[in-house]
Structures are given as structure tokens and as C-alpha cells.
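Bear in mind that the values in this text are calculations on the coordinates, not laboratory data. Since we're looking at a predicted model, the values are computed, not measured. Cβ atoms come from the backbone with ideal geometry, glycine included; neighbour counts cover every protein chain shown.
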Amino acid sequence: MNKERAIEVLKNTRATILEGWCKGVSARDKQGNEVSSHSAGACQWCLSGALSKSVASDDEFTRVRSTIYTIIGDHGLASFNDSPRTTREMVIEAIDKTIQLVEGRGIE
């Protein structure tokens, strides 16, 4: 995965979170029901669900997730997203910092 693709995935993840954000499940529909992050009816996503929606492969997911861990720690995307202290703004900030990191050093 090259730097440009990683940044594209992160920007798509960011846009998805801005479209709608949730906690506790990968994605929700308009009625608040849990749905797949890839569902056409999804309108809210957690960080992991938004990332899953934005990647083309498991390898892309794993590599971008590992880079996000550099910013949030390696306790897990769901743990970070679902923490009572975490806000949507904090999730967006973590994605923005990850984009800056990738722009500066690339992705491993």
C-alpha cells in the first residue's frame, strides 16, 4: 500500500465519520438498528466500521489500523471509539493526526 492510497483510505474514513458516527456497533441504519458497515442502509459508523467501509482488502485495513494505533495506542479501534470519554471530534482528530503522520513518513 502506498502513501497516496493510505491517505485516500483515511480521508474516506474521515468523511464517513462526518456523515454519521456511532458507538457500540460497526454501523447503524436510520432506525438505529445494527447493520453491516457495508450496508446500503448504514448511516452511522464507528471508527472500525468506517475504516472497513473505506478499504479494498483486509491487508489495507490491517496496515491503516496499525498506523492509527500509533496515534491512539494499540488498545483497539473499538475501545477507543466506544470509550465514554471519546467524542466524534476526538475520532476525527485521531484520523487527522494519522493523515499527517502518513504524509510525513508514509505507511509501513
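The table for this structure:
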read-out: Gap separating the Cα centres of region 54-97 and region 11-38, nearest whole Å; value: 14 Å
read-out: Two-site label geometry, ALA15 and ARG105: point separation in nm, points 7 Å out along Cα→Cβ; value: 2.8 nm
read-out: Span-like helix ranges in the chain, DSSP H, alpha carbon extent 18 angstrom or more, Kyte mean at least -0.5; value: 3-19, 58-72, 88-105
read-out: Burial ordering of MET90, MET1, fewest other beta-carbon atoms within 10 Å first; value: MET90, MET1
read-out: For the chain, with +1 on Lys and Arg beta carbons and -1 on Asp and Glu, the positive-most of ALA42, ALA6, THR70 along the dipole; value: ALA42
read-out: All lysines inside 25 Å of LYS3 as judged from Cα atoms, apart from same-chain residues fewer than 8 positions distant; value: LYS11, LYS53, LYS97
read-out: Karplus 3J(HN,Hα) series, Hz, for region 24-40 with 6.51 cos²θ - 1.76 cosθ + 1.60 (x for Gly, Pro); value: x, 9, 5, 7, 10, 9, 4, 8, x, 7, 5, 9, 5, 5, 9, 5, 5
read-out: Likely footprinting exposure, THR87, THR67, THR13, fewest C-beta neighbours within 10 Å first; value: THR87, THR67, THR13
read-out: Over 23 Å [Cα-Cα, the chain], rounded percent; value: 20 percent
read-out: Point-charge dipole on Cβ atoms (K/R +1, D/E -1) for region 3-103, about Cα centre, debye to 20; value: 160 debye
read-out: Residue-averaged [θ]222 nm for the chain, counting only DSSP H segments that reach four residues, each worth -39500 (n - 2.57); value: -18500 deg cm²/dmol
read-out: Placed amide H near GLN44: partners under 5 Å, 5+ positions off or other chain; value: ARG28
